[in-house]
Amino acid sequence: NAGVTQTPKFQVLKTGQSMTLQCAQDMNHEYMSWYRQDPGMGLRLIHYSVGAGITDQGEVPNGYNVSRSTTEDFPLRLLSAAPSQTSVYFCASSSGSRFSNEQFFGPGTRLTVL
Amino acid sequence: QQQVKQSPQSLIVQKGGIPIINCAYENTAFDYFPWYQQFPGKGPALLIAIRPDVSEKKEGRFTISFNKSAKQFSLHIMDSQPGDSATYFCAARKDNFNKFYFGSGTKLNVKP
């Protein structure tokens, strides 16, 4: 199993550009989430999904869109990049079981917006 | 408003010492409290977790202490090693929709 994979690893954008961060998991997990990690702020939930076709907003959703057409994939779209979106982005998945709550994280995408 | 408050921001201990990292929360709906370990350039990885009906959990050198009435929990690392140098995050989960809230992180440096 590859676990949770993210692409790209690094990305530089100019203000106003759009892009999609890719996330895939091969563990047949129902739950998937996107976080951003900023110094001194821990990880903050952007959007999450509890299954294909179901998504909802987290703590900091503004400027981001998500969709979940398959169990495996959960892409994050930046509609019009802003310098405030410079961050490290992590995708995570979990089975959603009450008795197995472990979230598995991808390696992250480091995004710089100029 | 941060749902989970973590301290200290950074911690330096000598090899063999017992670093303690503390977290506090307000929302009594949280039902699962994990700790994650993150090495530079990597994603966080689950270290140990506890449910609020238990006051302590040990896994190897790592122990979580949980005080439900005070709404606080802490991570203790026994006999710390230089390889434990990493950033540690506490988190709390709301049962509905599996939403996790993270603390701000503690950067631990264990000196040889």
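Numbers at a glance
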read-out	value
Sole residue being in contact with a Ser or Thr (Cβ under 6 Å, 6 or more places away or on another chain) and without any contact (Cβ under 8 Å) to a residue 60 or more places away in the chain, chosen from A:Pro75, A:Pro39	A:Pro75
Selection within segment A:1-38 - in a strand (DSSP E or B), over 21 Å from B:Lys42 (Cα atoms) and either more than 15 Å from the chain's Cα centre (by Cα) or of a type in the set (Val, Ile, Thr) (or both)	A:Leu13
Residue check for A:Val4: within 11 Å of another protein chain (Cβ to nearest Cβ), closer than 24 Å to B:Ala92 by Cβ, crowded, with 17+ Cβ neighbours inside 10 Å and out of contact with any Asp or Glu (no Cβ under 8 Å at 6 or more places or on another chain)	yes
Top-ranked residue of segment A:84-114 - restricted to ones that are aliphatic (A, V, I, L, M) and within 17 Å of B:Gly43 (Cα to Cα), ranked as nearest to the other protein chains (Cβ to nearest Cβ)	A:Ala92
Residue satisfying all of: in segment A:78-101; free of Cβ contacts under 8 Å to residues at least 60 places away in the same chain and not polar (S, T, N, Q); surrounded by the fewest Cβ atoms within 10 Å (Cβ to Cβ) among these	A:Phe99
Unique residue being at pLDDT 95 or above and open to solvent by 80 Å² or more (accessible area, probe 1.4 Å) when the list is B:Lys71, B:Lys42, B:Lys57, B:Lys15	B:Lys15
So B:Phe66, is it at pLDDT 95 or above, within 20 Å of A:Gln103 (Cα to Cα) and in a strand (DSSP E or B)	no
Lone qualifier among A:Phe104, A:Phe74 - being open to solvent by 70 Å² or more (accessible area, probe 1.4 Å) and either hydrophobic (A, V, I, L, M, F, W, C) or closer than 18 Å to B:Tyr36 by Cβ (or both)	A:Phe104
Test set (1) out of contact with any helix residue (DSSP H, G or I) (no Cβ under 7 Å at 6 or more places or on another chain); (2) more than 10 Å from chain A (Cβ to nearest Cβ); (3) open to solvent by less than 10 Å² (accessible area, probe 1.4 Å); (4) not basic (Lys, Arg) - B:Ile77 fails condition number	(1)
Residue satisfying all of: in segment A:39-61; open to solvent by 20 Å² or more (accessible area, probe 1.4 Å) and assigned to a strand (DSSP E or B); nearest to B:Lys107 (Cα to Cα) among these	A:Arg44
Test result for B:Ser104, within 12 Å of the chain's Cα centre (by Cα) and not in a strand (DSSP E or B)	yes
Lone unmet requirement of (1) in contact (Cβ under 8 Å) with a residue 60 or more places away in the chain; (2) within 13 Å of chain A (Cβ to nearest Cβ); (3) open to solvent by 50 Å² or more (accessible area, probe 1.4 Å) for B:Pro112	(2)
Qualifying residues in segment B:18-37 (those that are without any contact (Cβ under 8 Å) to a residue 60 or more places away in the chain and open to solvent by 20 Å² or more (accessible area, probe 1.4 Å)) - the one nearest to the other protein chains (Cβ to nearest Cβ)	B:Gln37
Where B:Gly83 falls short, out of the listed (1) of a type outside the set (A, V, I, L, M, F, W, C); (2) free of Cβ contacts under 8 Å to residues at least 60 places away in the same chain; (3) open to solvent by less than 40 Å² (accessible area, probe 1.4 Å); (4) more than 14 Å from every other protein chain (Cβ to nearest Cβ)	(3)
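The values are calculated or read from the model by the stated rules, or taken from the named source; none is laboratory data. Values in this document were obtained by computation on a predicted structure and should not be read as measured data. Reconstructed Cβ throughout: ideal geometry from the backbone, glycine too, with neighbour counts over all protein chains shown. Only protein heavy atoms, including side chains, enter the accessible area calculation; ligands, DNA and RNA are left aside. Shrake-Rupley method; radii C 1.70, N 1.55, O 1.52, S 1.80 Å.
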